[in-house]
Amino acid sequence: MKQFYSYPGPFSLECGGSLPGITVAYHTFGTLNADKSNVIWVMHGLTANSDVADWWPGTVGPQKFLDPEKYFIICANVLGSCYGTTGPASVCPSTGKPWCNHFPKITIRDMVKAHRLLAGHLGIKKIHEIIGVSLGGFQAIEWMVEDPEIAENVMFCATDASCSPWLAAFNQSMYMAIHTDPTWGEPRLDAAKEGLATARSIALISYRGPFAYNMSQRDSDDKADPFFHRVQTYQEYQGEKLCRRFDVYSYVRICQSSDSHDVGRGRGGIRKALERIKARTLVIGISSDILFPPECLRQLAGNIPGSRLEVMESDFAHDGFLIEHEKLNKIMHRWRASR
């Protein structure tokens, strides 16, 4: 069920300035028990929403690792998004119009601050398990370092403790593509759609990698046009598909938040920051992930005291966490059974 929490503000931002107030959209599944000890908090990826059953099929339901019959599952839409939480698509109180490109830059720490406000609103002081995937993993790591007592268990999947040069390069290429669109910067939510579609095409390459593309987008042997490849229409379709559900300014602000990610900033470095994590920790890498290669996850796990590393075999690269739900269910059940 989609719900909304409004914080009257001001909501101060890490890099200066503030928002006059924020609204956080969130979904819950299951029933909160009497002592509030059955909470699982899920943090989503870049363009997902708060309905975890929608963007993460095969993970919510009886016998799944997100089982509403056992747990009270919370997923909040991130700050800066266009799925109900305050972002560029929201109306600016001072103008009565959408913020668009005037929405301030936000950091992962600002996103976590919004999560913490929602947790306080719901009266949740302790979380049984936090699950963060991709950009959601950035937030989960940051939350666990900022407040080591908040969760008893935590799972980080396909993520890292900071924004790598490799990730920043993909982001910069997307910004460059968006900025070539002549409508970029115009104060309307349908601006720079062609630029956004191109940026999504760039992002997909990092999400799927060569194995998945070569497995799913092979041309037929009898194609008539030697210059045509079916993957060309696939890239165009995926770009158009995102444009139907996302605006360019939300996309850019969320990508910029990932640029800001560095759990060691102001804390003596990444290693020292990660040593603060006290929760029982599972780190999951994906064998073919080129955005967050397994070695990144090994380093992450190696810096978290007592953590456990699992590398999931998959040909679907970074998107493996969205597709390989049966493997994820097995890994999560095995980890929980070992407590």
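The values are calculated or read from the model by the stated rules, or taken from the named source; none is laboratory data. In this text, all values refer to a predicted model and were calculated from it rather than measured experimentally. Cβ sites come from the backbone with ideal geometry, for glycine too, and all protein chains shown count toward neighbours. Note: accessible area is taken over every heavy atom of the protein model, side chains too, but ligands, DNA and RNA are not part of it. Shrake-Rupley method; radii C 1.70, N 1.55, O 1.52, S 1.80 Å.
For this structure, a couple of remarks:
- All of (1) surrounded by fewer than 21 Cβ atoms within 10 Å (Cβ to Cβ); (2) modelled with pLDDT of 95 or more; (3) on the phi > 0 side of the Ramachandran plot hold for Thr23 with one exception: (3).
- Top-ranked residue of the range 212-240 - restricted to ones that are within 24 Å of Ser314 (Cα to Cα) and in a loop (DSSP other than H, G, I, E, B), ranked as most open to solvent (accessible area, probe 1.4 Å): Arg218
- Hits in the range 297-339 (condition: in contact (Cβ under 8 Å) with a residue 40 or more places away in the chain and acidic (Asp, Glu)): Asp315, Asp319, Glu326
- The single condition among (1) open to solvent by 10 Å² or more (accessible area, probe 1.4 Å); (2) more than 18 Å from Lys2 (Cα to Cα); (3) not in a loop (DSSP other than H, G, I, E, B) that Asp110 does not satisfy is (1).
- Test: Asp315 is under 29 Å from Arg188 (Cα atoms) and among the charged types (D, E, K, R): no
- Verdict on Asp262 being under 20 Å from Gln217 (Cα atoms), under 18 Å from the mean Cα position of the chain (by Cα) and crowded, with 17+ Cβ neighbours inside 10 Å: no
- With respect to being at pLDDT 95 or above and open to solvent by 40 Å² or more (accessible area, probe 1.4 Å), Ser50 falls outside the description.
- Residue match in the range 79-98 (condition: within 28 Å of Glu149 (Cβ to Cβ), in contact with a Cys (Cβ under 7 Å, 6 or more places away or on another chain) and surrounded by 14 or more Cβ atoms within 10 Å (Cβ to Cβ)): no
- Scanning the range 94-104 for residues that are touching a Gly at 6+ places or on another chain (Cβ under 8 Å), in a loop (DSSP other than H, G, I, E, B) and not aromatic (Phe, Trp, Tyr) gives a single hit, Pro104.
- If the condition is being in contact with a Ser or Thr (Cβ under 9 Å, 6 or more places away or on another chain), open to solvent by 20 Å² or more (accessible area, probe 1.4 Å), in a loop (DSSP other than H, G, I, E, B) and farther than 24 Å from Ile127 by Cβ, then the range 8-20 contributes Gly9, Pro10, Cys15, Pro20.
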